[in-house]
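Novice: Provided herewith is a single structure, encoded as structure tokens, for subsequent inquiry.
The values are calculated or read from the model by the stated rules, or taken from the named source; none is laboratory data. Please read these numbers as outputs of a predicted model, since none were measured by experiment. In this analysis, Cβ positions are derived from the backbone assuming ideal geometry, glycine residues included, and neighbour counts consider all displayed protein chains. Protein only, heavy atoms only, side chains kept; ligands, DNA and RNA dropped before computing areas. Shrake-Rupley method; radii C 1.70, N 1.55, O 1.52, S 1.80 Å.
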Amino acid sequence: AKNLLAWGKLKATLLNHGTGLFSDSCWNMCLDIYICDLIGERVTISSVAHSSGVPMTTAMRYLNVMAEEGLLEKVPNPSDNRMIFVSTSTACKEKMSNILANLP
């Protein structure tokens, strides 16, 4: 998963030239969150959006759609209500694991 995320970011960095044509933003954000879940690292919506490589409004829209689709779960930070943690849902973890296990 880490190699795929690094490859996706490299591909986007080298080919995009600011157009976003070679970006797999949703996939990369999902991989990023999945990796954080696996290593037990809590990640905020804003940090995932910032690292996505797309405009913040686009990243936030994608994250909201993924949450509405049941792929992501949002949990408020108990010590700072302005911050929202995001993680992959159980169903998403299973799907991601299946995808990664079946890579060619």
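Novice: Given H placed 1.01 Å from N in the peptide plane, which residues other than close sequence neighbours of Val43 have an amide H under 5 Å from its amide H?
Specialist: For Val43, the qualifying residues are Val86.
Novice: If you take the beta carbon distance between Asn77 and Ala101 as r and set R0 to 22 Å, what does 1/(1 + (r/R0)^6) give as a FRET efficiency, to the nearest 0.05?
Specialist: 0.10
Novice: I need the peptides 82-91, 28-37 ranked by packing, meaning the mean over residues of other C-beta atoms within 10 angstrom, with the highest value on top.
Specialist: 28-37, 82-91
Novice: Using θ = phi - 60° and the Karplus relation 6.51 cos²θ - 1.76 cosθ + 1.60, list the HN-Hα couplings for the range 97-104 in order, rounded to whole Hz, with x at every Gly or Pro.
Specialist: Here the 3J(HN,Hα) series is 4, 5, 4, 5, 5, 10, 5, x Hz.
Novice: Near the amide H of Leu72, under 5 Å away, which other amide H atoms are found, from residues 5 or more places off or on another chain, if H is placed in the peptide plane?
Specialist: Ala67, Ser89
Novice: Continuing with the same structure: With every protein chain left in place, what is the accessible area of Val43 in Å² (1.4 Å probe, nearest 10)?
Specialist: For Val43, the solvent-accessible surface is approximately 10 Å².
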